[in-house]
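Asker: Following this message is one structure expressed as structure tokens.
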Amino acid sequence: MRYKCSTIYLLLALMATSENFMDHVLARPAYGWKDHENKLIIPTTYQLFKEFFFRLNIFRDKRNWLTFFSWARLFLLVACLFIFLFRYFNVYLLIVAFLYSMIVMGTHGTIWYHRYCTHGAYTFRNKFWRFLTRNLTVNIVPEETYVVSHHVHHAKSDEPGDPYNAQAGFLYCFLADVNHQPIALDLTEGEYARVLKLMDHTGVNPNTYAQYRKWGSVANPVRSILGWLANWAFWGLTFYLLGGPALLFTLFGAAGFWAIGVRTFNYEGHGKGREKHRDGSDFNRKDLSINQIWPGFVAGEWHNNHHLFPCSARSGFLSYQLDLAWCYIKFMSMVGAVSSYHDSKKLFLAEYHQPYLESKRLAEA
């Protein structure tokens, strides 16, 4: 079952031609995106942390609630990680923590936030399967933080305005969810409606425009916090019943480890800001994205392939490129939970890999 590339991209094309929507849909940091010569501004460490704490301060502006809320959850999970390390640590639980953080959390992030919420690479049969997939793991990342900024990332990959531009350094990427990814606070009603169109398939019950002006977000704080508490209560009780407090703190701590690690991914996935493309592996040369074995195997994140075909439900195109996220999507399709998907493997092989093999064969002849 297949369908043409998501209509999200037609929508984005229309948005991009409308007064550079992607230039100002995200809140501009105090140090800016680019200088008067249109070159990337690389802020100092002081500037990055100043912006970070400024945007976390809910006492200064309650519209900072989403960033504060996200990092409050992170600190709670990190506390669980320390309790696991100093109270319950053993080799067996370490293996369980590794599997949950690296494979379960990593693959779920690719399945839900990346391929579905952002790129619409597949569709669910009904809301039940969407709800189930959304809550397969401990909830950490707000959908709007990921989705809107990731569309900007693809529109401006490795250019000024890319919210996690690896050329600006590790901290620029690591603190991006606070410093660069929140939506702008001064969107017009029409612009806010466009943001909602990017989010309407995700199941997030959005704020009205008046509520957005009050809270500075698509997500409503009351509904978001209640949803977070319900998710954590369910998984906390499940882990406790399966393995007592040891398993509970192990897996919540593992989720915290993933939450830290995922903030480093784009820096690594774009070659730490340097060109590291490899012939025969990285066919997209329009940006610095690269395919990496580790995130590819544990989370299905073959990043250079993804930048070639962002709306594909599969990004592991070559025989060695294990794609666990695709395995889940394909399985859900087989049981009827996923009604359609887009798979670009044949197109990739025909347009990129086969011509490469042919040119290599001729060069060796």
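Asker: I want to confirm something. Restricting to region 150-200 and keeping residues that are buried (at least 22 other Cβ atoms within 10 Å of the Cβ), in contact with a strand residue (DSSP E or B) (Cβ under 7 Å, 6 or more places away or on another chain) and polar (S, T, N, Q), which single residue is farthest from TYR113 (Cα to Cα)?
Answerer: Among those that are buried (at least 22 other Cβ atoms within 10 Å of the Cβ), in contact with a strand residue (DSSP E or B) (Cβ under 7 Å, 6 or more places away or on another chain) and polar (S, T, N, Q), it is ASN165.
Asker: Across region 329-365, what is the number of residues that are free of Cβ contacts under 8 Å to residues at least 24 places away in the same chain and not in a helix (DSSP H, G or I)? Step through it out loud before you land on a result.
Answerer: From region 329-365, those free of Cβ contacts under 8 Å to residues at least 24 places away in the same chain are 330-331, 334-335, 346, 350-351, 354-355, 357-359, 361-365; that's our starting set.
Of the ones still in play, those that are also not in a helix (DSSP H, G or I) are 335, 365.
Within region 329-365, residues that are free of Cβ contacts under 8 Å to residues at least 24 places away in the same chain and not in a helix (DSSP H, G or I) number 2.
Asker: Looking for something under 30 Å from ALA27 (Cα atoms) and in contact with a His (Cβ under 8 Å, 6 or more places away or on another chain) - is there at least one such residue anywhere in region 194-208? Talk me through it step by step, then tell me what you get.
Answerer: Applying the first criterion (under 30 Å from ALA27 (Cα atoms)) to region 194-208 yields 194-208.
In the following step, the residues that additionally are in contact with a His (Cβ under 8 Å, 6 or more places away or on another chain) were identified as 198.
Yes, some residue in region 194-208 is under 30 Å from ALA27 (Cα atoms) and in contact with a His (Cβ under 8 Å, 6 or more places away or on another chain).
Asker: On the given criteria, is LEU308 crowded, with 19+ Cβ neighbours inside 10 Å, touching a helix residue (DSSP H, G or I) at 6+ places or on another chain (Cβ under 6 Å) and not charged (D, E, K, R)? Steps first, answer last, please.
Answerer: Working: crowded, with 19+ Cβ neighbours inside 10 Å: yes; touching a helix residue (DSSP H, G or I) at 6+ places or on another chain (Cβ under 6 Å): no; not charged (D, E, K, R): yes.
In short, no.
Asker: So, TYR320, is that one surrounded by fewer than 21 Cβ atoms within 10 Å (Cβ to Cβ) and without any contact (Cβ under 8 Å) to a residue 24 or more places away in the chain or not?
Answerer: Values: surrounded by fewer than 21 Cβ atoms within 10 Å (Cβ to Cβ): yes; without any contact (Cβ under 8 Å) to a residue 24 or more places away in the chain: yes.
Yes, satisfied.
Asker: Here's something else I'd like to know. With the structure loaded, tell me whether ARG213 is within 21 Å of ILE58 (Cα to Cα), part of a helix (DSSP H, G or I), of a type in the set (D, E, K, R) and over 16 Å from the mean Cα position of the chain (by Cα) or whether it fails that test.
Answerer: Criteria met by ARG213.
Asker: Say whether the condition of being out of contact with any Gly (no Cβ under 6 Å at 6 or more places or on another chain), basic (Lys, Arg) and at pLDDT 90 or above is met by at least one residue in region 1-9. Walk me through how you get there before you give the answer.
Answerer: If we filter region 1-9 for residues that are out of contact with any Gly (no Cβ under 6 Å at 6 or more places or on another chain), which is where we start, we get 1-5, 7, 9.
Now restrict to residues that are basic (Lys, Arg): 2, 4.
Still in the running and at pLDDT 90 or above: none.
Checking region 1-9: not a single residue is out of contact with any Gly (no Cβ under 6 Å at 6 or more places or on another chain), basic (Lys, Arg) and at pLDDT 90 or above.
Asker: Could I ask something else about it? Residue by residue through region 41-55, note down the ones that are touching a helix residue (DSSP H, G or I) at 6+ places or on another chain (Cβ under 7 Å) and either surrounded by fewer than 16 Cβ atoms within 10 Å (Cβ to Cβ) or at pLDDT below 95 (or both).
Answerer: ILE42, THR45
Asker: Restricting attention to region 104-129, and to residues there that are within 23 Å of THR145 (Cβ to Cβ) and hydrophobic (A, V, I, L, M, F, W, C), which single residue is farthest from the chain's Cα centre (by Cα)?
Answerer: Among those residues, the one meeting the criterion is PHE124.
Asker: Got a number for residues in region 49-79 being within 21 Å of GLY216 (Cβ to Cβ) and aliphatic (A, V, I, L, M)?
Answerer: Number satisfying all stated conditions: 5.
Asker: Return the only residue of SER344, SER339 being crowded, with 19+ Cβ neighbours inside 10 Å and touching a Lys or Arg at 6+ places or on another chain (Cβ under 8 Å).
Answerer: Testing whether each residue is crowded, with 19+ Cβ neighbours inside 10 Å and touching a Lys or Arg at 6+ places or on another chain (Cβ under 8 Å) leaves just SER344.
Asker: Taking the criterion of being within 25 Å of THR250 (Cα to Cα) and buried (at least 20 other Cβ atoms within 10 Å of the Cβ), would at least one residue in region 117-130 satisfy it?
Answerer: So far as region 117-130 goes, no, none of its residues is within 25 Å of THR250 (Cα to Cα) and buried (at least 20 other Cβ atoms within 10 Å of the Cβ).
The values are calculated or read from the model by the stated rules, or taken from the named source; none is laboratory data. Everything numeric here is computed off the predicted structure, so don't read it as measured data. Reconstructed Cβ throughout: ideal geometry from the backbone, glycine too, with neighbour counts over all protein chains shown.
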